[in-house]
Amino acid sequence: MFTASRPQEMLTPRALSTQEAAAAAVTAGADGVEIHAANGYLVHQFLSDNTNQRTDRYGGSLDNRIRFAVEVAAAVADEIGADRTGLRISPGHPYNDIAEADTAELYPALLRALSPLGLAHLHVMHAGDEELLGTLPALRPTTLILNRAGTDLPTRAKDVDNGARHPGPGRAATL
């Protein structure tokens, strides 16, 4: 393996537990961890009805499809604290072939299930569903970070007036 100083012997990779990954991020200097449940990544695949074809307790019904995201968030929050844990979602974004037929039900159900954890923030990659976005403030954790790529300044100012923060610099690790 190539490193900044010299080639090193390649270690055999092993899967980290959620707790180990979260603790390693904080040890490395991150202020917190943002769980990436967006853009077609693993947690998002559990949420989506077109990618989640499971027939066990993690597939099928809405409650089953949100279970994995809630369990991951709970494990990270237990390890590093809910005040250092956030979640990123991208409702309705077709990244990586995600197609969600039930965003209006899915994301409010997810946020209701996450609510008891008291997570530090929710980071929304907004795809234009203003009606869904309007339901999130009542269900979100303490801080709502809204990412409206390419939107104009007046729209962003309105979002801030409505309680959202737009992404800025920080030291959060994304899992």
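Please treat every number below as a calculation from the coordinates, not as lab data. A quick note: this is a predicted structure, and the numbers were derived from the prediction, not measured. Because the Cβ atoms are built from the backbone with ideal geometry, glycine has one as well, and the counts that use them run over all protein chains shown.
Cβ under 14 Å from Asn64's Cβ, Asn64 left aside: what net charge do those residues give with Lys, Arg +1 and Asp, Glu -1?
On the way: positive: Arg54, Arg57, Arg65, Arg67; negative: Asp49, Asp56, Asp63, Glu71, Asp102, Glu105.
Once all neighbours under 14 Å are counted, the net charge is -2.
Given 0.36 nm per residue, what is the gain on full extension from Gln8 to Ala23 after removing their alpha carbon distance, in nm? Don't skip to the end; give the middle numbers.
Numbers: separation 15, 0.36 × 15 = 5.40 nm, distance 2.44 nm.
Length difference between fully extended and current span is 3.0 nm.
Using the number of other C-beta atoms within 10 angstrom as an exposure proxy, rank Glu20, Glu9, Glu34, Glu79 with the fewest first. Mind showing how you got there, number by number?
Working: Glu20 12, Glu9 5, Glu34 25, Glu79 20.
Fewest-to-most ranking of Glu20, Glu9, Glu34, Glu79: Glu9, Glu20, Glu79, Glu34.
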Subject >> Computed lengthening from Asp31 to Ala15, 0.36 nm per intervening residue step minus Cα-Cα distance >> reply: 3.5 nm
Subject >> Inter-part distance where segment 82-131 and segment 1-62 are each reduced to a Cα centre, Å >> reply: 17
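Which order do the peptides 52-61, 90-99 come out in when sorted by mean C-beta neighbours inside 10 angstrom, highest first?
Values: 52-61: 11.7, 90-99: 16.5.
Averaged packing, sorted descending, gives the order 90-99, 52-61.
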Subject >> Residue order, fewest to most surrounding Cβ atoms within 10 angstrom, among Thr135, Thr85 >> reply: Thr135, Thr85
